[in-house]
Amino acid sequence: MRLLIMGAPGAGKGTQASRIAARYDIPAISTGSIFRDNLANGTELGLKVKAIMDAGELVSDEITDAIVADRLDQDDAAHGWLLDGYPRNLHQVSALDEVLDETGTTIDAVLSLLVDEDAVVERLLKRAEIEGRSDDNEATIRNRMQVYAAETEPLLETYRDRGLLVEVDGMGQVDDVTEAIVEALDDFLAED
Ligand code: AMP
């Protein structure tokens, strides 16, 4: 099973991604987490992306595409994966298409978590207090929202046109959202 999960920053993608991935026994691969791990470990990559992440901008496609291609090539991803936070613009959609073409694989579904923007800004500010993420201050959050609206949200139409989009209300309790995702996904996959 090969899945994407999309949604505005703070939509709860990471939490849901882990749960859905566990259910389908596939790795959840989050580009944001990969970058954050590199930041925390002070790697060369971490140093390179820190300022970009702190500003709420997107890391270059060159860096991001290479990281994803490399990660998808690892053994645990041979039979499926759930990508969280990638692709984030049209260029990355094409880069992912190339990886899929090379491996003769396809995406099974694209999950879209629908949320209310004001509510997620509040959610992110709360997370900032708890997790202390350096890209969770208000200015960065607002910028991440803008970058999402300008660059990433249009991808939903791309995947809708491909008949892959599965939309789920992301505003409820975490367990309820997980249940709604699983139900919507199982229904969608049964249609094929
Ligand atoms: P996330 O945890 O998915 O919200 O990602 C946190 C930050 O990592 C983003 O604000 C970007 O700076 C960077 N990032 C994550 N995924 C990507 C991507 N696909 N392309 C470019 N930058 C990304």
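Quick note: the coordinates plus some simple rules give every number you see, no bench work behind them. Just so you know, these numbers come straight off a predicted model, no measurement behind them. Backbone-built Cβ (ideal geometry, glycine too); neighbour counts: all protein chains shown.
With contacts taken as Cα pairs under 8 Å and at least 6 residues apart, the chain reaches a relative contact order of 33 percent. In a GNM of the chain with a 10 Å cut-off on Cα contacts, which of D136, D175, D61 has the highest mean-square fluctuation? So, out of D136, D175, D61, the one fluctuating most is D175. Measuring how big segment 2-183 is from its alpha-carbon positions, Rg and Dmax come out at 15.6, 44 Å.
For the chain, the mean residue ellipticity at 222 nm estimated from helices alone is -18000 deg cm²/dmol, where every DSSP H run of n ≥ 4 contributes -39500 (n - 2.57) and the total is divided by all residues, rounded to the nearest 500.
Database remark: amide H of N137 closer than 5 angstrom to no amide H (H placed geometrically; neighbours at sequence offset of 5 or more, or on other chains; Pro and chain starts carry no H). Enumerate the whole-percent occupancy of each 10 Å bin, from 0 to the last occupied one, for all C-alpha pair distances of segment 77-184. Per 10 Å bin, starting at 0, the Cα pair percentages come out as 12, 37, 36, 14, 1. Taking amide H positions as modeled 1.01 Å from N, with prolines and chain starts lacking one, the residues under 5 Å from A109 and 5 or more places away or on another chain are R2, L4. Placing +1 on the Cβ of every Lys and Arg and -1 on the Cβ of every Asp and Glu, with nothing else charged, gives segment 54-192 a dipole about its Cα centre of roughly 420 debye. For K13, the lysines whose Cα comes closer than 19 Å to its Cα, not counting residues fewer than 8 places off in the same chain, are K126.
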